[in-house]
Amino acid sequence: MKHILPLAALLLASAAPVQADPIRDQIAGEMPSLMAIYRDLHQHPELSFQEVRSAKIMADAARQAGFEVTEGVGKTGVVAVMRNGPGPVVLVRADMDGLPIEEQTGLPYASKQRGVSTAGVESGIMHGCGHDTHMAGWIGAARVLAANKAKWSGTLVMIGQPAEEINLGALEMIKDGLLTRFPKPDYSIAFHDSAELASGVVGVKAGFALANADSVDITVKGLGGHGAYPHTTKDPIVLASAIVMRLQTLVSRESNPFEASVVTVGAIHGGAKHNIISDEVKLQLTVRSYSDSSRKLLLDGIKRIARAEAMASGLPEDRMPVIKIAEPYARATWNTPELAERMRGVLTKRFGADRVANPQPSMAGEDFGEIARAAGPKTQSLILWIGGRSAAELEAAAKEGRQLPGLHSPFWAPEADKVIAAGTEALVAATLELMPRK
């Protein structure tokens, strides 16, 4: 666990704030209400582009705080605007969707919801990625910033974004006029809970923060027949196995060791009976990278390997593998270095050095970066990590060599009060820094 800070320092930091101040006191006063909202959201998660109830909770909270609110942006998105004199435009984003996971946390307010995803699969639904803490922190920041209008000047645009889990929500909101119907941001900020940082610790990473995430489907074709007569067939299971093994060399032998990359075969489906050689196998891959050049190397390599292995198996041209690369894909999330280092200073001053970490970039995907990318090169962007794991649990697991459940696990249950309090405070502190009243 490379992000773990000393236990004693973390316990001290979480037990005693660096310095009490009015903003922190206001957040503490909001926490009972925010925790009630969090538990409600956790108990009633909604899948991508189905976040109607969640969006209404956020929209109602923003209206009550004095924002001008527009609903239904990008299907189920929320845009709340507060104009407060001259100054920059700051966009604050929270994502809203849950995951098709059967919750197994044992929490008294655990989700029992079920639904059908955009892929047509019926399942349980869970906030297994912490978006419920993001929404609660967003509401907390909206309330506190609205109550402190005398301390900032400019335009605040707060958005509740749908469908982050399928990497389509930000694009859908942009398509629906997020950057034309509403003020275009000079700064775009957000936070995400972390299973690797101790609760209440804020992670600030300059540069690449999250990866390109590509989904690749490969249909491996063969010539089927009786399992007793393999010489009369071209076995696609053997061919698919060769492809899977060869794909591992894309990372181990073709990628620059200093440019992180991942190729994972997450699913393989083929065959129906012991004594039948099928004529088709389907592979599903997730491919992760940071730079455009690394992404191209991996995707080109997948195409080359699949075709070359098919040729080596003696398949004719009309039985070559079919490869589909999903579009759009989640492009890498880039934290503007200038903004990241500026916020590192602000947050270190506010929380103390023991509660500000410099985590490694993640191979997870996010669509938050699409907002700044679409807004143009003048828009600076930053997504923060907020720790949600008990420091004692992290230290014990590290000593024992034990792997803890993380994001997207049915067992993920962050210390929500600490995530929400720290996330709210980080968003408020960042916004006040970016929108000073002169």
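The values are calculated or read from the model by the stated rules, or taken from the named source; none is laboratory data. Predicted model, so just to flag it, every value in this text is computed and none were measured. Backbone-built Cβ (ideal geometry, glycine too); neighbour counts: all protein chains shown.
Here is how the numbers come out for the structure above:
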{"read-out": "Failed item, numbered, when SER14 is tested on (1) over 20 Å from ALA163 (Cβ atoms); (2) at pLDDT 95 or above; (3) crowded, with 19+ Cβ neighbours inside 10 Å", "value": "(2)"}
{"read-out": "Selection status of THR336, among the hydroxyl-bearing types (Ser, Thr, Tyr), more than 23 Å from LEU168 (Cβ to Cβ), surrounded by 14 or more Cβ atoms within 10 Å (Cβ to Cβ) and out of contact with any helix residue (DSSP H, G or I) (no Cβ under 7 Å at 6 or more places or on another chain)", "value": "yes"}
{"read-out": "In the stretch 189-215, the residues that are assigned to a loop (DSSP other than H, G, I, E, B) and touching a helix residue (DSSP H, G or I) at 6+ places or on another chain (Cβ under 7 Å)", "value": "SER199, GLY200, VAL201, VAL204, LYS205, ALA206"}
{"read-out": "Residue selected from the stretch 153-188 under the condition in contact with a helix residue (DSSP H, G or I) (Cβ under 6 Å, 6 or more places away or on another chain) and of a type in the set (Gly, Ala, Ser), by the criterion surrounded by the most Cβ atoms within 10 Å (Cβ to Cβ)", "value": "GLY160"}
{"read-out": "Any hit, the stretch 202-220, residues being farther than 30 Å from ALA422 by Cβ and touching a Phe, Trp or Tyr at 6+ places or on another chain (Cβ under 9 Å)", "value": "yes"}
{"read-out": "Residue that is farthest from HIS231 (Cα to Cα), among those in the stretch 263-295 that are assigned to a helix (DSSP H, G or I) and in contact with a strand residue (DSSP E or B) (Cβ under 9 Å, 6 or more places away or on another chain)", "value": "ASP292"}
{"read-out": "Those residues of the stretch 107-151 which are within 14 Å of PRO414 (Cβ to Cβ), in a loop (DSSP other than H, G, I, E, B) and out of contact with any helix residue (DSSP H, G or I) (no Cβ under 8 Å at 6 or more places or on another chain), in sequence order", "value": "GLY128, CYS129"}
{"read-out": "Positions within the stretch 216-238 being touching a Gly at 6+ places or on another chain (Cβ under 6 Å) and in a helix (DSSP H, G or I), in sequence order", "value": "THR232, PRO236, ILE237"}
{"read-out": "Residue list for the stretch 390-419, restricted to those being in contact (Cβ under 8 Å) with a residue 40 or more places away in the chain and either assigned to a helix (DSSP H, G or I) or more than 24 Å from GLY124 (Cα to Cα) (or both)", "value": "SER390, ALA391, ALA392, LEU394, GLU395, ALA397, ALA398, ALA416, ASP417, LYS418, VAL419"}
